[in-house]
Structure formats: C-alpha cells, structure tokens
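The values are calculated or read from the model by the stated rules, or taken from the named source; none is laboratory data. On a predicted model such as this, the values are computed, not experimentally measured, just so you know. Note that each Cβ is placed from the backbone with ideal geometry, even for glycine, and that neighbours are counted across all protein chains shown. Accessible surface is based on the protein model in full, side chains and every heavy atom, while ligands, DNA and RNA are left aside. Shrake-Rupley method; radii C 1.70, N 1.55, O 1.52, S 1.80 Å.
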Amino acid sequence: MAYKNNSVADQTTSLINTELLTDILRILSMLEKELNRVARRNCHNRGQYPEIFFQTESMLNGIRSWIKIYRLLYNVPMFNSLLTGCLKELSLYIGQLIVLCVPVRGKKGVRRARLIQERKRLEKSVEDMLRSIEKCLTRSETNETEIEFKTEEALIKAFEKHFSQNHETEIRVCVSGRGDKTYIFPWSDKTGYLFLVRNKKRFRSEVVDKLENYAHATGHRPACKCRGKYRLKGFRSSERKPVTEGGKQQNFPIRMVECADCGQRFSLIPSFLPREKHFGIDIIGRIVQGIVLFGQSLRGALENFKLTGTEIKSRQTILNWLRWFGTLHPATILTRAGIKGSSYFQEDEGFEKESGMRTYTVAMVDPENFLVWHLDYVDHVDMETLTESFEKFVERIDFKIIGVTKDRWQPATDALKSVCHRLWIGFCHLHCLGKFRRALSEYKKESGCSSKKVGKLYKEFRNILDSATSAANLKSKIGFLKDDAFSYPPVRRILNQVIEDGSHYTCHKRRKGIKRTTSLADNFLKIVKRKLRQLESFRDQECTETLFRAMANVRNFVPFISGAKNAHKSPFILARGQTFELPWTQIMNVHNAFLFTENAA
C-alpha cells in the first residue's frame, strides 16, 4: 500500500515538473518577443542592435535548448539548480539591455518612467519562474547515492560544454512541407464524389485524363519528363475523415495514380478536402475570412465555430489556420494560378501607430482588377528597407512592372527606381489635395476669410491639377493664379512642389495604366488599421507578416459582397483567373495556395 502511495506521489511530482518546464519554455518565448520589440523600437535593423542584445539572445536560446535536450533529467535537483542560475543571469542581461538600448537617429525615444516599468515587468516574469523552480527543489528528495553523484557530475560537465558555445535562434517551421505527392482536382460535391471515386472508368475520364491542367511539377523523380500520363493504382490505405458542416466526420476514400514515366505515386484529393487538416476547407475559410476581413477576434471566432456543431479545443488551431493562409506571398499564389498583372500598380505606405512602436505597412495593388500583389510589414520606410521589400515582390512575379502611382515619399520613389528600371511614376492627386486643403485651413484662420472662398480656391486648384496635360501646361496654369491666398507661404510651398514634380502629376495623361490616385491601396490599408485598433499592438513581427499575407490572399479570392460595384466577383475573377466554378477556398486549394514544398509550381 505504501509502495502504491509513493508511486502516485512520484507521478504527480513528475507531472508538475513537466508542466513547469513547459511554462518556462512558454515564458522564454514571451521574453524573446519582448526583447525583439525593445530592439526594434530603438533600432532600424539588427546591424544597429547593441552587443548586449546578442548576448541576451544567445543566453535565452541556450536555456531553451538546454531544457529541450536534458528535460528527462528534470527530477535531478542539480538540473533545477543550474536552471535557476541561468535564469538569474538572464534577468541581469535583460535589465542591462533595457537601459543600454537607446534610440538611434530616426527612432522615437521612450520616457524613463516607462523604461523602469518595462524592466520591472520583465524581471517579475523571471522572478515568477525562479519561485516556481524553488518550490520544485523543496519538493524533490535527494538520494545520496553514487549514481546520483555521477549523474550530477556528468550534468555539470554537459552544462559547461553547452553554454561555452554560441546559440543562435532556432528557425521553427510551423507549416508542413509535405504535399508534393498530392494532387488537388476541382470537385465541390461531397455526395457526388463518393459515386465518382467508386466508378473507375468515370474517374479516369473526368479526373486522371485532365490532371495536366492542375497538377504541380513537384514529387516526380529528377529524370522524369512528366508527360502528364498517369495510371490508376487503387486507393490509399486510410480514408480522409474531416469534420464537415454540422460537426460530423465523413469518410472519403482517396484514389491513387502512378506516373507513367517515373513510377512515382500520387494521391488525388478533391478540392473540398484540405491538405493535412482535420476540418473541411470551407469551414476553415469562413473562420479566417471573419478574422482578417471583418475584424473578428479569436474569442469571437471560437464562439461562432460552435454554430457548426463542434468546438475547437484551442485557440492555437485558429492561429495555425491563419498561418496556413499567410505562409505564401500573394504574388507567389497568383503566379501559380497563372495570373498576369496589368504591369501598373498603386503603391502606398501606411503608418501604424502601435503601442510603444512605430511601424509601417507597404502595399501594392493592381488598379485594373483590385488584386493585392504585395503587402509587407516593416519597421522603417527608408530606401534600404523599402528596396528589400520591393525585391521580395519582384522576384515572385513573371512580368515587367511599367508604372506605379504613389505619393511623394522620396525613399519609396528611389527604391522603386532601383528595383524596376525605366519605370513610369505618377504622384497621387489625393495626397496633394489633402495637403493643399490643410494649408488653406491655416490661411483661413490667419486671414479670417469665409469657408465659401476657401472652397472656391480648393476647386480652382483641383481643376488645374485634373486638366493639366503636361508639366509645362501645369506650370503655366498655376502661374495664372492671382488670388492673395496662393501667395500664402504654406500654400505657395505646395504649389512650388507641384510645379517641380509636374511630370509625375500629369503622368496619367501619357500612360493610361497610371491612375490619378492611390485610393485602392489606401482603402485596403484601412483593413490593417481596423485590425490594429482592435489589437492595439501586433507585437510579433513574424506573426504579423503572416497575418498581413493572409489578409491579402483572402482579399484576392473572396467575392465582393452584395451592393458593391463588382458584387459576387472576386479580384481573382476580375483578373480572369480559372475558378472551375468553385467556392473561393477551393479555388485557392486547386491552385496550390496551400502547397508549401520547395519549387512547387
């Protein structure tokens, strides 16, 4: 009886210690994100980070890898003692980092009171971990045996060797790289699929013979010429059992084919089944659409999901779905789907005032079909950062960019010219008119003129901007403005800027693809700002980039709602993309938007 009680007590202690290690790993991840935010808030890039940041990062990564490698020895008191010492040293590094990491030129400073508050909060997190470890140390019983001494001696030697090395941040792959042996074919009727898959002759004629229309190039042997000829090879050993509408699991048998050239086998999956997900793709798409386009929170998504007749056990499931939609760049998905851009874009950068951060969103939208080809999240909008962002976009497309409509931000102009040669650049009229209206408002306060006169002056300038056919014509028309208001310094400054950039403001007269405004890019960036108002801060840079890509990808494929000019049509449809008359999530699935293997096409 005593033996059983001791066994139960040991199991309980082991379970508590395991949960403690999991909590410590979770808190280390939170500390890592907070440290990155401190560095991002004060520096433009990693080259400007202070040396103490890299020492802290190496220490944090070392503690994490130490726990993962030697976690089976968590019941050894020496393990917890060594871990306690590491965490105490980590807290000292963190305190030094907050004090020594000062803003570089171009970054906004933070009040000293706030720095002290942040330091206390981070130190409190470390103190809580230390307190939990000390509790485990008091509960653990030491057996002074030779095995115990040898184990602790070996653990100390391993510890010294482990922390004598530099530990870099481990790159975590959060999506599956499998799927190269899976083909998605267009089929949305679940009941009809069960009849189709059992009819061998019909399946061959309606699916196998058409595989070359939507099969990707990966998965074959290197020497395979891949002529698109396949032979049926029975069924997969296990059926797919996704959760569908109503919360019920359905069984769907999966047929397999063999390449006639290289002999590799592939699974043929209908478009209503996602790769390696437990839920139907339409259910997943509905939840993701609500979050990224309609501002729904994770808690709201969890509650709405109950309407399907089932529940999600963890919020991490929804976060995995968001990552699933946002792993691939919008340009990558559109290029896989065979979409060619109009070669003209609207580009804009949106300032995102986060809690304790100054970040920016970079967007490029095709004005002909409203497709969002590029959406990026950056900490600075200098030429170097924007050049890197635009290069990520250009290397993913297979057509030439001819013209871009944008605002007057010079670093963005220089970045575009460095990436795209012989580029036509038009300046947005709305940005210019907005500045002009604000200047007239200042003139009204100073001169005491009427609102009617201000409105008349604004319309006069707007008509000149719209009707000018060239830079010389624009300069000539502005020269005929005789009212005293146009000599007011802030107003005159704007007029001189317009004259100086006259070729850019009249570029739309010479190139039809160039638009007068960046309204499409501005409207899409409002979705980002709505999400930021809901969250107050995006916090993690990598996750934010993934969220932004998910926003762009969903926007490209979701049809516009009733009442819109292009109601029930998506930007993908307006770009004449092949839809196979499927729902938007299944269109993405057929075009391999969720295939994350290398060299997929």
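Before moving on, here are some points about what is shown:
- D_trans [Stokes-Einstein, Kirkwood Rh over alpha-carbon pairs] for the range 177-229, 37 °C, 0.692 mPa s, µm² s⁻¹: 260
- Between amide H atoms placed 1.01 Å from N, distances below 5 Å from residue 371 occur with 366, all of them 5 or more places distant or on a separate chain.
- The relative contact order of the chain, computed from alpha carbon pairs under 8 Å that lie at least 6 residues apart in sequence, is 15 percent.
- Residue 113-residue 353 FRET efficiency (beta carbon distance; Förster radius 25 Å; 0.05 resolution): 0.80
- Ranking 424, 373, 409 from most to least accessible surface, computed with a 1.4 Å probe over the protein chains only, gives 409, 424, 373.
- Of the trypsin sites (Lys or Arg not before Pro) in the range 539-578, those whose Cβ has at most 15 other Cβ within 10 Å and which sit in DSSP loop: 565, 569, 576
- Sorting the Cα pairs of the range 417-506 by distance into bins of 10 Å, from 0 upward, gives 16, 49, 25, 8, 3 percent per bin.
- Between the range 23-57 and the range 316-366, the Cα center-to-center distance that results, in Å: 25
- Calculated FRET efficiency for the pair residue 529/residue 127, C-beta based, R₀ 35 Å, to 0.05: 0.40
- Accessible area of the range 350-400 belonging to carbon and sulfur atoms, whole % at 1.4 Å probe: 46
- The spacing between the range 481-509 and the range 231-301, judged by their C-alpha centroids, is 57 Å.
- Three-way shape label, the range 381-431, alpha-carbon gyration tensor, a/c 1.5: oblate
- The Rg/Rh ratio of the range 437-483, with both radii computed over alpha carbons and Rh defined as the Kirkwood radius, is 1.04.
- At full extension, residue 265 and residue 307 could sit 11.2 nm farther apart than now, given 0.36 nm per residue minus the alpha carbon distance.
- Relative contact order of the range 191-304, pairs being alpha-carbon contacts under 8 Å that are 6 or more residues apart, as %: 20
- In this simple spin-label approximation, residue 395 and residue 206 carry label points 7 Å from Cα along the Cα→Cβ vector, and these lie 4.3 nm apart.
- Within straight-line reach of residue 340, meaning a Cα separation under 22 Å, sit the following lysines at least 8 residues removed in sequence or on another chain: 392, 400, 406, 417, 512, 515, 569.
- For the range 32-38, putting each phi into the Karplus relation 6.51 cos²θ - 1.76 cosθ + 1.60 with θ = phi - 60° gives couplings of 4, 5, 5, 5, 5, 5, 4 Hz, in residue order, rounded to whole numbers and with x for Gly and Pro.
- Given +1 at the Cβ of Lys and Arg, -1 at the Cβ of Asp and Glu and no other charges, the dipole of the range 358-464 around its Cα centre is 1040 debye to the nearest 20.
- Per-residue [θ]222 nm for the chain (sum of -39500 (n - 2.57) over DSSP H runs n ≥ 4, rounded to 500): -17000 deg cm²/dmol
- Selected from 550, 480, 436, residue furthest toward positive end of dipole (the range 422-559; charges at beta carbon): 480
- Solvent-accessible area per residue, Å², over the chain with all protein chains present [probe radius 1.4 Å]: 52
- Each Lys and Arg Cβ is given +1 and each Asp and Glu Cβ -1; about its Cα centre, the chain then shows a dipole of about 2720 debye.
- Estimated at the nearest 10 Å², the accessible area of residue 418 is 50 Å² with a 1.4 Å probe.
- A Cβ-based charge dipole, computed about the Cα centre of the range 372-411 with Lys and Arg at +1 and Asp and Glu at -1, lands at about 280 debye.
- Calculated P(r) tail over 46 Å for the chain, as whole % of Cα pairs: 34
- Where GluC sites (Glu not before Pro) fall in DSSP loop in the range 387-437, at most 12 other Cβ within 10 Å: 395
- Just the protein heavy atoms count here, and of the accessible area of the range 487-601 at 1.4 Å, carbon and sulfur take up 45 percent.
- Directionally averaged shadow of the range 442-563, computed from the convex hull of its alpha-carbon atoms, nm²: 12.2
- Given charges at Cβ of Lys, Arg, Asp, Glu: the chain dipole, positive-most of 44, 214, 343: 343
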